[in-house]
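Colleague: Before I ask anything, here is the structure I am working with.
The values are calculated or read from the model by the stated rules, or taken from the named source; none is laboratory data. Remember, it's a predicted structure, so these values are computed and weren't measured experimentally. Note: ideal-geometry Cβ built from the backbone for every residue, glycine included; neighbour counts use all protein chains shown.
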There are 2 protein chains.
Amino acid sequence: MTKTNSTATNLYCPKCGKTYDLSHQHQLCDCGSPLLVKYDLSKAASIVSKADIAGRPATLWRYKELLPVQEEENIVTLGEGLTPLLPLRKAGAAIDIENLLIKDEGIIPSGTFKARGAAVGVSRAKELGVRQLAMPTNGNAGAAWAVYSAKAGITATIVMPEDAPKITRNECAAAGADLFLVRGLISDCGKIVGKMVREQGIYDASTLKEPYRIEGKKTMGLEIAEQLDWRLPDVILYPTGGGVGIIGIYKALDELRQMGWVSGPLPRLVAVQAEGCKPIVDAFDKGEAESTFAKNSQTVAFGINVPKALGDFLVLDAIRKTKGSAVSVSDDEIISAVKTLAQSEGHFVCPEGAATYAAARKLREKGWIAKGERVVLLNTGAGIKYPDTLQVDVPYLDPL
Amino acid sequence: MTKTNSTATNLYCPKCGKTYDLSHQHQLCDCGSPLLVKYDLSKAASIVSKADIAGRPATLWRYKELLPVQEEENIVTLGEGLTPLLPLRKAGAAIDIENLLIKDEGIIPSGTFKARGAAVGVSRAKELGVRQLAMPTNGNAGAAWAVYSAKAGITATIVMPEDAPKITRNECAAAGADLFLVRGLISDCGKIVGKMVREQGIYDASTLKEPYRIEGKKTMGLEIAEQLDWRLPDVILYPTGGGVGIIGIYKALDELRQMGWVSGPLPRLVAVQAEGCKPIVDAFDKGEAESTFAKNSQTVAFGINVPKALGDFLVLDAIRKTKGSAVSVSDDEIISAVKTLAQSEGHFVCPEGAATYAAARKLREKGWIAKGERVVLLNTGAGIKYPDTLQVDVPYLDPL
């Protein structure tokens, strides 16, 4: 066995402070809160340098000292990470943001950022001896966990709404997952998974109910810092459903600051939601610490149709601590942004990712984003996973 | 303007030897053959080292001395290249190939290897002042050229069979391409494009009718060499439609050999086709230098449904010069391989990529692949682009 040199020391509860060890399976804290991973960051800063990391392969495992997996042999990888961070000159100019960038998470196994959480989550599940896991999903997380579980030899039980993107259903089935459909929302799927977990003792891989998915998502923040030569941007806009990504990015940047690898204020984090499902935006506007279940939620950006996120309080905390914001955009604005990004920049993004462009436009118009600020849009997935987002009418030509 | 330090010197015809300059638009040679790019390889070996390349960003532009683009400003990039090369331990053991690897071209903008040809092809088109280009496509090439053309501000006219994967239609439309559908095969689309090009003077971006797409595809070979620490594998299996990839890989490895960066015999290159469309396999078996148009061709692996490739003679030459082979597999074998790779390895690949696994099995059974040989499967695209490859029947659960 070869050690990864992970500097993870324990799990801790961000609500009540209770700690847990790393060598056993843990789900939520006894108090009901998600658990987070704690690292010995001064040790991390002493055993690895920025130059060391620059010389490593182009996957998220280049940050292994800041990841929880203990043994190299337990790493389950499909080559995920170090996705492109690219300038959007034309689309930026169109909304008066000169220094606009996109972090394109479509260029990753399974085509969405969910691969990061699955890679680290499944690796830790394997390390902890998990044989079967279960989760509710809006599609993409289930697909990612299904393929990584297949690689690891773990049985994945996936429960998704029948309206989830069809391709994610096929990915799960192809990977040999135990897949079930539900005529309802992800919250309905979550109840079913909860019952399975209670009654059958299956490992619960639901969003934030195991502590390692967030560590995979965290690597988006590490990469943004490294790709900008360890100078942080002013604003990061993130499409927010369960919110694990925004929590993870905040955690990553905070850890880098503690290591002394970045300095100055953290980027202002913006949670972007759809008008048809905006519990975080409402809670932010009202100054509340937690969100309220959004009834009858609906949006074309299926991945962020999450009526109530378990980690809502952590999302709100990350936004407020960074002087960020929460913004909602309409489905029409989302569709329009998909077209603009594809036509002017060649980035065919998912509707969730497109929502961040629409939100950036609004925040610039209001002056909340200032002239000259460096702004990163987080595109969480490839547009090719959503064949029905755009209605296309194509003319025919006759064969000669 | 910043020079790329490209060592390209001119174009040449592999059939009649005629040469052409790099500063004007060229299509086919006057003799009708595709043109290839020639480099000053001793200069390349003197101005760049393996260590230089190792320190560069993780895109195909790390090999810029061996690419034809002259000015950095003309590079049109969406972050393509350096796709994962990963071991397939379980799937390898299942077919008695211990040292089996997959080069996964699904992890790239637009989800297929076509992004490489488009990135380099569109960059050169931009450099040469092209304002409009046209091409026939089985879908994925059109999608890739549409998004890169959008980024470059070039108008792309794309003509595809109505049976091409629907998502590729949406990608083209989203990117603002002039898209047309045809009730026919890619060969019918090719005739239409030919007429457009003749009558309207549009730049012809059809397979091998411009000399730069192959240079993008070539980078798959450069990457395989670099990722294996400059020790070449024994066999590379490649799903072959137009065949640009296999020609490109051969060209890349031959150039590396001339530079002294690799030594020993080149990998045996295997062209993999579907039983329903196997013109290259037939020509190889008959010892012919060119293929014959495959009538009534049909296969689930839509991307390799190419009845007659313009570069067939170059494909056959590459196979023979490397002591390679050409193999066909059935659609049933392809579907079965899609499932095996997803279930045992977590790689949800396209049917074309899966065909290489089925072919490797056959070649091992015949003893053509020897025990212990290192074998690379080239997966040309992500399974998520083909939602209808697998028929999936999923049970429902009732909401609680």
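Colleague: Can you spot a residue in the stretch A:61-76 that is within 17 Å of residue A:236 (Cβ to Cβ), in a loop (DSSP other than H, G, I, E, B) and more than 14 Å from every other protein chain (Cβ to nearest Cβ)?
Modeller: no
Colleague: Also, I was wondering about something else. Please go through the stretch B:275-291 and give me each residue that is touching a helix residue (DSSP H, G or I) at 6+ places or on another chain (Cβ under 8 Å) and either closer than 24 Å to residue B:233 by Cβ or without any contact (Cβ under 8 Å) to a residue 24 or more places away in the chain (or both), ordered by number. Steps first, answer last, please.
Modeller: Pass one, the stretch B:275-291, residues touching a helix residue (DSSP H, G or I) at 6+ places or on another chain (Cβ under 8 Å): B:275-277, B:279-280, B:283-284, B:288-291.
Answer for the stretch B:275-291, where residues must be touching a helix residue (DSSP H, G or I) at 6+ places or on another chain (Cβ under 8 Å) and either closer than 24 Å to residue B:233 by Cβ or without any contact (Cβ under 8 Å) to a residue 24 or more places away in the chain (or both): B:280, B:284.
Quick grid of which residues meet (1) in a helix (DSSP H, G or I); (2) in contact (Cβ under 8 Å) with a residue 12 or more places away in the chain:
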| site | (1), (2) |
| --- | --- |
| B:352 | yes, yes |
| B:361 | yes, yes |
| B:367 | no, no |
| B:372 | no, yes |
| B:389 | no, yes |
| B:392 | no, no |
| B:400 | no, no |
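Colleague: Do you know which residues across the stretch A:337-365 are surrounded by fewer than 24 Cβ atoms within 10 Å (Cβ to Cβ) and away from chain B (no Cβ under 14 Å)? It would help to see each step written out before you state the result.
Modeller: Going residue by residue through the stretch A:337-365, those that are surrounded by fewer than 24 Cβ atoms within 10 Å (Cβ to Cβ) are A:339-340, A:343-344, A:361-365.
Residues satisfying the conditions are A:361, A:362, A:363, A:364, A:365.
Colleague: Given the conditions (1) without any contact (Cβ under 8 Å) to a residue 60 or more places away in the chain; (2) buried (at least 22 other Cβ atoms within 10 Å of the Cβ); (3) of a type outside the set (Lys, Arg), report the number of the one that residue A:93 does not fulfil.
Modeller: The single condition residue A:93 does not satisfy is (2).
Colleague: Look at the stretch A:78-95 and say how many of its residues are touching a Pro at 6+ places or on another chain (Cβ under 7 Å) and aliphatic (A, V, I, L, M).
Modeller: Here the count works out to 1.
Colleague: So which of B:139, B:153, B:106 is crowded, with 24+ Cβ neighbours inside 10 Å, within 12 Å of another protein chain (Cβ to nearest Cβ) and either of a type in the set (D, E, K, R) or on the phi > 0 side of the Ramachandran plot (or both)?
Modeller: When all the criteria are applied, what remains is B:139.
Colleague: Here's another thing I want to ask about it. Residue B:179 - would you say it is at pLDDT 95 or above, at the interface with chain A (Cβ under 8 Å from one of its Cβ atoms) and in contact with a Ser or Thr (Cβ under 9 Å, 6 or more places away or on another chain)?
Modeller: Working: at pLDDT 95 or above: yes; at the interface with chain A (Cβ under 8 Å from one of its Cβ atoms): yes; in contact with a Ser or Thr (Cβ under 9 Å, 6 or more places away or on another chain): yes.
Taking the combined requirement at face value, the residue satisfies it.
Colleague: Quick one: which residue in A:184, A:201 is at pLDDT below 95 and either within 12 Å of chain B (Cβ to nearest Cβ) or in contact with a Gly (Cβ under 7 Å, 6 or more places away or on another chain) (or both)?
Modeller: Unique residue meeting the criteria: A:184.
Colleague: What residue, of B:193, B:235, is more than 28 Å from residue B:357 (Cα to Cα), β-branched (Val, Ile, Thr), in contact with a Pro (Cβ under 8 Å, 6 or more places away or on another chain) and more than 9 Å from every other protein chain (Cβ to nearest Cβ)?
Modeller: Answer to the selection: B:193.
Colleague: Hey, another quick one. Considering only residues that are of a type in the set (Val, Ile, Thr), touching a strand residue (DSSP E or B) at 6+ places or on another chain (Cβ under 7 Å) and buried (at least 24 other Cβ atoms within 10 Å of the Cβ), which ones fall in the stretch A:215-260?
Modeller: A:235, A:236, A:240, A:246, A:249
Colleague: For the stretch B:81-93, what are the residues that are at the interface with chain A (Cβ under 8 Å from one of its Cβ atoms) and in a loop (DSSP other than H, G, I, E, B)?
Modeller: Within the stretch B:81-93, B:82, B:83, B:84 meet the criteria.
Listed here are the residues, each with its yes/no results for (1) surrounded by fewer than 17 Cβ atoms within 10 Å (Cβ to Cβ); (2) among the small types (Gly, Ala, Ser); (3) in contact with a Phe, Trp or Tyr (Cβ under 6 Å, 6 or more places away or on another chain).
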| position | (1), (2), (3) |
| --- | --- |
| A:2 | yes, no, no |
| A:7 | no, no, yes |
| A:19 | yes, no, yes |
| A:30 | yes, no, no |
| A:34 | no, no, no |
| A:50 | yes, no, no |
| A:60 | no, no, no |
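Colleague: Of the conditions (1) closer than 25 Å to residue B:195 by Cβ; (2) more than 12 Å from chain A (Cβ to nearest Cβ); (3) not β-branched (Val, Ile, Thr), residue B:96 satisfies every one except a single condition; which number is it?
Modeller: Only one criterion is unmet by residue B:96, namely (1).
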